[in-house]
Amino acid sequence: MTSPAPASSTTDAAVTDPSVFDPELPWQRARSVALRPEPFGALVYHFGTRKLSFLKSKTLVRVVETLADHPTATAALLACEVPEAQRPTYVRALADLARSQMIETRT
Amino acid sequence: MTAVLPSRPAVERPTGGRLIDQFEYGLDAPICLTWELTYACNLACVHCLSSSGRRDPRELSTAEAEAVIDELQRMQVFYVNVGGGEPTVRPDFWHLLDYAIGHDVGVKFSTNGVKLDKVRAAQLARTDYVDVQISLDGATAEVNDRVRGAGSFATATKALENLAEAGMKDFKVSVVVTRENAGQLDEFKALTDSYGAQLRITRLRPSGRGADVWEQLHPTMAQQKDLYSWLLANGEHVLTGDSFFHLSAFGEALPGLNLCGAGRVVCLIDPVGDVYACPFAIHEDFLAGNVRSPGGFQQVWQQSELFADLRNPQTGGACTKCQHFDSCRGGCMAAKFFTGLPLDGPDPECVQGYGESALAARDTELVTPRSHLDHSHTGPVRGQPTLLGMPAIPPAKICDESPLAGLQLG
Ligand code: SF4
Ligand code: SF4
């Protein structure tokens, strides 16, 4: 096995760094990233960095896939009906994905 | 064929929870697919996991190999670990490499370096999505050549030099940790650093010819303990293929995936297209099907009974009562199988010592399972390893030792 960094499964250590991830900006799945659907969510692969990651819920998969359709990441979370209480967890997961370049800002 | 597995009642996949618990139930496509392209090899390493040496006449043709790549692309298998045998002795190796990369299937390949001259090194350095691993089982020629054969250290280091010179990025030096090289970890690290490469160390398993030398070569308990401490101290900069998770039972869990991925996230496609649960489990009991059959690889991966069986969590057996079970998971299935231990019991190298007692308690009449396949060279090979006390022999005529003798195309 390679050692996949489960970006979206880190919860405690992942301090949201606004310089890396600002949920009020427009985001999208990075262009060199592919999602492979899996029973628990999806596997994420970056063809450039050759890093693997995992999205641990189908809702998170939907969020990542629809980031590009919304003016901000927060708007995507709302549109995907992520319950308010879970939003910080989702923001942290997205921040992890931003740090590993799985998602990128849109211009 | 599945009788060998301890009964694992089929359980429904939970929702949410830890990733590792999800992995136990398997994925729609493998994450860690090993594809051995040929059983042919110029070397005769004493511990070869696939008992390689001679090409198998039934090996997949170029067209069949391309069809497998097409299928992997459809299944979104983003990269494969290519090995052998020595994959680069296949005349179509470089073509298949390009074909895979052109179809979104990245390639990480393992080689002993025999074909990596300056021209190939420069070619690799120019290619995206390719990773190279050079196998080296000693930080010095003396230690390495005893198991891999005379001259193999020089071949490997020459290849490393060529890659470094060509400006190749992120290439790896891949080491199987043995009793003879376990004391060389720092030297391996220094050697690897000197080429600007990355060190990868993995576990010796009693698979293939490895079964013949496992008793003699597997690290001692003291060495396992040192290795564990070394990994905790250096782990960040060293790859392990998550192969040492049984060491987690020394205390703190090692980073990475602590689970046997066989048939769940891992599998092997062998040179003739047979699909096994794991590259270390080339045995009929772990054979799930063949890519040549209708439905191809996808059918085997998603529908085989054997894999369905492996995709249930282990609920019984001595290990489930062990306090370290959560991180150690009872260790490596292949290691247990080929040493004749029950699959739901402790690993032969269980760091709590239960493996040693289980090995000692084996029936003296016990015949450990052997693979039905053996492609080992039958005649002498140039630079025969000396570990087994065989005298080195002078080089024979090239046609006597070339694994591809009689196969030259064009
Ligand atoms: S059988 Fe051993 S080598 Fe194969 S996946 Fe399981 S733990 Fe890893
Ligand atoms: S008894 Fe089993 S689970 Fe416990 S340390 Fe040994 S191999 Fe691991």
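Figures for the structure shown
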{"read-out": "Sites matching GluC sites (Glu not before Pro) across the stretch B:155-206 that sit in DSSP coil, with at most 15 neighbouring C-beta atoms within 10 Å", "value": "none"}
{"read-out": "Residues along the stretch A:53-91 losing 50 Å² or more of accessible surface when the other protein chains are present rather than the chain by itself (probe 1.4 Å)", "value": "A:56"}
{"read-out": "Debye intensity ratio I(q)/I(0), log10, chain B, q values 0.11, 0.12, 0.13 Å⁻¹ (C-alpha model)", "value": "-0.81, -0.98, -1.18"}
{"read-out": "Filter on B:108/B:189; B:225/B:321; B:169/B:189; B:118/B:172; B:158/B:336 - keep pairs with C-alpha separation over 27 Å", "value": "B:158/B:336"}
{"read-out": "Relative contact order %, the stretch B:229-283, counting alpha carbon pairs below 8 Å whose residues are six or more apart", "value": "20"}
{"read-out": "Heavy-atom accessible surface of chain B: percent carbon and sulfur, 1.4 Å", "value": "52"}
{"read-out": "Candidates per trypsin sites (Lys or Arg not before Pro) in the stretch B:179-213, loop by DSSP, up to 16 other Cβ within 10 Å", "value": "B:179"}
{"read-out": "The protein assembly as shown: mean projected area of Cα convex hull, nm²", "value": "24.9"}
{"read-out": "Sequence of B:354, B:129 when ordered by accessible area, the most exposed leading, probe 1.4 angstrom", "value": "B:354, B:129"}
{"read-out": "Interface area, A with B, accessible, probe 1.4 Å, both sides summed, Å² nearest 100", "value": "2200"}
{"read-out": "Efficiency of FRET between residue A:84 and residue A:105 - r from beta-carbon atoms, R0 30 angstrom, step 0.05", "value": "0.75"}
{"read-out": "Chain B, relative contact order [Cα under 8 Å, separation at least 6], %", "value": "22"}
{"read-out": "Spin-label model distance (nm) - residue B:187 vs residue B:378, 7 Å beyond Cα toward Cβ", "value": "3.8"}
{"read-out": "Within 10 Å of each Cβ in A:36-45, the average number of Cβ atoms from other chains", "value": "6"}
{"read-out": "Gain on full stretching of the segment that runs from residue B:63 to residue B:226 - 0.36 nm per residue minus C-alpha separation", "value": "53.9 nm"}
{"read-out": "Volume of the Cα convex hull of the stretch A:21-105, divided per residue and given in Å³", "value": "77"}
{"read-out": "Helical contribution to [θ] at 222 nm, DSSP H n ≥ 4, -39,500 (n - 2.57), averaged over chain B, rounded to 500", "value": "-8500 deg cm²/dmol"}
{"read-out": "Per DSSP, loop trypsin sites (Lys or Arg not before Pro) in the stretch B:18-57 with at most 15 further Cβ within 10 Å", "value": "B:18"}
{"read-out": "Accessible surface ranking that places the most exposed of B:170, B:344 first, with a 1.4 angstrom probe", "value": "B:170, B:344"}
{"read-out": "Virtual spin-label span in nm between residue B:98 and residue B:118, 7 Å along Cα→Cβ", "value": "2.2"}
{"read-out": "Rough spin-label spacing in nm, given labels placed 7 Å along Cα→Cβ, for residue B:325 and residue B:368", "value": "2.6"}
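The values are calculated or read from the model by the stated rules, or taken from the named source; none is laboratory data. Note that the structure is predicted; figures quoted are calculated from it, not measured. Neighbour counts are summed over all protein chains in view; Cβ atoms, including those assigned to glycine, are modelled from backbone coordinates with ideal geometry. Just so you know, the surface numbers come from the protein's heavy atoms only, side chains and all, with ligands and any DNA or RNA stripped out. Shrake-Rupley method; radii C 1.70, N 1.55, O 1.52, S 1.80 Å.
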